[in-house]
1. Treating only the Cβ of Lys, Arg, Asp and Glu as charged (+1, +1, -1, -1), what charge dipole size does the protein assembly as shown show about its Cα centre? Round to the nearest 20 debye.
2. Given the whole protein assembly as supplied and a 1.4 Å probe, what does the accessible area of B:R137 come to in Å², nearest 10?
3. Under a point spin-label approximation (7 Å from Cα along Cα-to-Cβ), what is the B:A303-A:C498 distance to one decimal in nm?
4. Taking the dipole about the Cα centre of the range A:238-347, with the C-beta of Lys and Arg at +1 and of Asp and Glu at -1, give me whichever of A:T280, A:A297, A:A270 is farthest to the positive side.
5. Using a/c under 1.5 as the rounded threshold, could you call the range A:424-551 rounded, prolate or oblate? The axes a ≥ b ≥ c are square roots of the C-alpha gyration tensor eigenvalues, and prolate needs a/b larger than b/c, oblate otherwise.
6. Relative to the longest principal Cα axis of chain A, at what angle does helix A:34-50 sit, 0 to 90 degrees, rounded to 10?
7. Taking 45 Å as R0, compute the FRET efficiency from the Cβ-Cβ separation of B:D593 and A:A292 and round it to 0.05.
8. Return the tail of the calculated pair distribution for the range A:285-343, meaning the percent of Cα-Cα pairs more than 15 Å apart.
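The values are calculated or read from the model by the stated rules, or taken from the named source; none is laboratory data. The shown structure was predicted, so the numbers you read here are calculated from the model rather than taken from an experiment. Methodologically, a virtual Cβ is constructed for each residue, glycine included, from the backbone with ideal geometry; neighbour enumeration extends over all protein chains shown. Heads up: the accessible areas ignore ligands, DNA and RNA and are worked out on the full protein's heavy atoms, side chains in. Shrake-Rupley method; radii C 1.70, N 1.55, O 1.52, S 1.80 Å.
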Protein chains: 2
Amino acid sequence: MPVDASLLPNLRNIAARLRIESIRATTAAGSGHPTTCQSAADLMAALFFAEMRFDPAHPQHPLADRLVMSKGHAAPLLYAMWAEAGYIPRERLTDLRLLTSDLEGHPTPRLPFVDVATGSLGQGLAAGVGTALNARRIGSDYRTYVLMGDGENAEGSVWEAASAAHLFALDALCAIVDVNALGQSRATELEHDMDTYKARWQAFGWHAIVIDGHDMAQIVAAFAEARATKGRPTVILARTLKGKGVSFTEGKPNWHGKALKPEEADRAYAELEAQMQPETAALPPIPAPPAAPAAAAPGQMPAPDYRIGDQVATREAYGTGIAKLAGVDPRVVALDADVKNSTFSERFEAAHPDRFYQFFIAEQVMIGAAMGLAARGAVPFPSTFAAFLTRAADFVRMAAISGVNIKLAGSHAGVSIGEDGPSQMALEDFAMTAAQPNFTVLYPSDAVATERLVAEMATTPGPAYMRTSRPKTPVIYPNTEQFPIGGLKVLRQSEADCATVIGAGVTLFEALKAHEALAKEGIHIRVIDLYSIQPIDAASLIAAGRDTGRLITVEDHYRTGGIGDAVARAVAPAGLTVTRLAIPEIPRSGKPDELIDTYGISARAIIGAVR
Amino acid sequence: MPVDASLLPNLRNIAARLRIESIRATTAAGSGHPTTCQSAADLMAALFFAEMRFDPAHPQHPLADRLVMSKGHAAPLLYAMWAEAGYIPRERLTDLRLLTSDLEGHPTPRLPFVDVATGSLGQGLAAGVGTALNARRIGSDYRTYVLMGDGENAEGSVWEAASAAHLFALDALCAIVDVNALGQSRATELEHDMDTYKARWQAFGWHAIVIDGHDMAQIVAAFAEARATKGRPTVILARTLKGKGVSFTEGKPNWHGKALKPEEADRAYAELEAQMQPETAALPPIPAPPAAPAAAAPGQMPAPDYRIGDQVATREAYGTGIAKLAGVDPRVVALDADVKNSTFSERFEAAHPDRFYQFFIAEQVMIGAAMGLAARGAVPFPSTFAAFLTRAADFVRMAAISGVNIKLAGSHAGVSIGEDGPSQMALEDFAMTAAQPNFTVLYPSDAVATERLVAEMATTPGPAYMRTSRPKTPVIYPNTEQFPIGGLKVLRQSEADCATVIGAGVTLFEALKAHEALAKEGIHIRVIDLYSIQPIDAASLIAAGRDTGRLITVEDHYRTGGIGDAVARAVAPAGLTVTRLAIPEIPRSGKPDELIDTYGISARAIIGAVR
């Protein structure tokens, strides 16, 4: 399948043009990374124009091979490739980095040929694991290629992804490491020590091929070997030179992240044009992917089936919910990090083992793979303890930038988990997720709400997070109740209400207890279940504040970035303020009820705040 | 140096007692992880009572060998070891997990023998890299041991730490992997595939020894071999059985995280006591570390040396500041992730190369090693782009739980970085750090404030974060100005002020521009530099709000978890609300000034909000 040797000059000429365009665009922008484009240009010329199967007019074709540019600072190279393929008008390449252009400094999915945003190094391979798993999900033989820098091999997330790709035997995944030996501030740790790179990748179960990344024949042969390798993924470790092709940048330090000055660029163009070779035949056209079958429309998830008063932890209802959802929506997949028996995602595995992916204790690749799956049409539900989602905070950040359709769930939130202690208690999960302006953030209090919100998450585009709780809580809603995203529920109200208490999860039940105790004394409070923290129902909160005079939030979360701050932001325009009950300090191990009381979020604390 | 073979029965008997106490404590607590203690008991008996040098009466001895219990769920084993050594009264072990006890579900530094909190798997080895680097810093030959689970080898952070330990040739570091083959929810990925474990660790440059983790002679010999290995770290890969020593738990699934019932525990004690062997001689006492020299008192950092109006980026002043600080305080060290030329930590490296640690692009181990260094008396300043600190968010969380004295700095925050685009813009760094209730969070606006706050960070105990900016900003403070933590500066005020604008970093200068423009129209605003976001000067903010009637915050951060929320929390008790200008959506690439204006945090936006 490799191209005929007579066509190698064509590929070399493409590489020279890619270098020229990378320099031209960054020089026009006055910033950017031309030299990292230069090192990878030969690899990418061969990949795009003699290996990959895709439709240049339709980058999102469901069965097209994927390319993840993990070394996102080589964005100008990626843009030049799509210009060479005809998708981007060549004259637009110099709009690089303008506010008016989608050709951003690092690639984002504003561009249809970008599956996930890159630019935070070490994330692309995890996304590639996801796009490769998606091929298996839809029964396609499309392949995934990930171009990585050498420096990013220092990121642990790369080795999580490497391990997962081996585990899943992803032979449709091919990583290409551009070993140009120069990092941002100095030489890389391993420089051109190709033997150590090879030993590491092999130890993680990959077929590893070391090549000269500027020898077009070796490159073409390596891609063919990768394609022929079955049962495991392949990494092409390419020895390259940063700044390749231009005498004064090739292999030279201190060129990282610097655009060439116009006069330097002119010298570079002359050198690169002089490298052009005669072509004896035309390259064959890029092979087209097969026609994609029409996607089946998802069905309606069955209604919840609980009785008022049943004691059911929301984490358990979550597991039930995602399993039911997957029964009516083939796009839904679940991902675990060896806590399926705590998050109850084991119910999904039992019902749909072919769509359940076990990543073991590796949260970064779990989220990264979910991003890749989501980018290719799956609706992934990755879940773990909410505390350990922080391990993947940078992936959460990039998922937001990517706008991908991932549905995170975190269990065991807050001090209400009890004896395991602070390392297992998520108390900053809302701060992490709600900080991202396009994240939907949900916090159901009972099993009915949980199942309904699982369905809402799946049908609401974009990234979302659901927090679930460890303790069992009573079912308080009828099975017919609906929970639109952006809403809330007023559970107790009277005309005599002197305050509104806003809780969710375990604290909602403390608020209900406080309501009952105070009512006996003739003190009436309104109680709100704030199941949707972002978006938030500002109008209802303001109305409650005006009606009752006072707003009190109570949450099993630290003071910053949670329910209190969200409500305060919502009601501030009406001149209303909020009294916040939240976890004020690093908590200890203890029994859940003791902790809830000790840290001031119990019914007793609410009663105190009302008085 | 290994103990005489005649003493192996003593060690076996200690191991049996450690198993008994681990079961007894977890059964008393009614929860916890006895079986993971059982698998590691032989390893820990040998390590603590025939290998390590420490003072059981003085766990924090500066020259004592360190043990990091990375598999923190084996906390009862650790507590039993310290009871066996005489530090904890044996009868206190059954206080495990009580709110009234420091014997928490997972170890925290509330206990003097715990350097860093563990329980989030995959972090301990990074901390061990830090304690081992600290030995080198103080010229000690103390050794560091890290007990890891096998499941946590899936965490990428382990491979970051493995790579760093090799890079620094830390032969005083010894990792022990308890390969018991059972994870939480199922068998581990690699089960007892010792060859693959060995290949991975060797590929990362470690000396790897595979042993039977229940064969006391092999264990003792492996520790001796580790001690004799020079120039690289050693890993002991110990094949073990979860639940070892008790017939109905040994090697059995479904015992993870379950305490034995009292009747089961009684059967276990009987089985373990039956394994006790006759002892023919007494173990030698635990060797004492050498006397520690008195620490030199740090000196006073020289005053800043700028002129009003100088254009200096705060990131640059940060680099200057930490280099100056290190000149007067030998405890100060700096850590980088290959961005020293952007954060300006290269100035520290130039002045103090022996205290500068280059981790390449591996933020988790950079922060984790800083935690280990801080736990042993260093004052570490790890820095990178603020966006990439999110990569280590779980380490930040555990640093807060640990209360360690780390001083994070993040540069290139906000849309003001410009063309590189959203992947490089930290817009949630305050949400991440200020969520932790014991974090100090600082945001200097000029070079003088930056240097002063570097010094304040070093003298204020506990974890801290400083945000620095990419663009140059004018020096506005005299070199004599002081910046106490928890303070703010009122830069413009008059009796006619109709609003207070609160900014920091790049937005402070937008507020000053707005002040000037409005003043020309006879509209007067107060301008506050909120350089200390946590703790925050609530009294001054409330006073300003009352004086001027309106509070307007403006920040180069998303709406959640930043300056607006912090000010709103501070002034809410006085019934005051805040108008917030912040980045409302995922931003794009563009020129800094364009972005500041497009996303509504420019002088123009402030003027609009005031009107």
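1. Numbers: 112 positive and 134 negative charges, 215 e Å.
The dipole of the protein assembly as shown has a size of about 1040 debye.
2. 60 Å²
3. 5.7 nm
4. Towards the positive end, the residue furthest out is A:A297.
5. Details: a/c = 1.78, a/b = 1.56, b/c = 1.14.
Verdict is prolate for the range A:424-551.
6. 80 degrees
7. Between B:D593 and A:A292 the formula returns 0.50.
8. Looking at the range A:285-343, the distances longer than 15 Å represent 65 percent of pairs.
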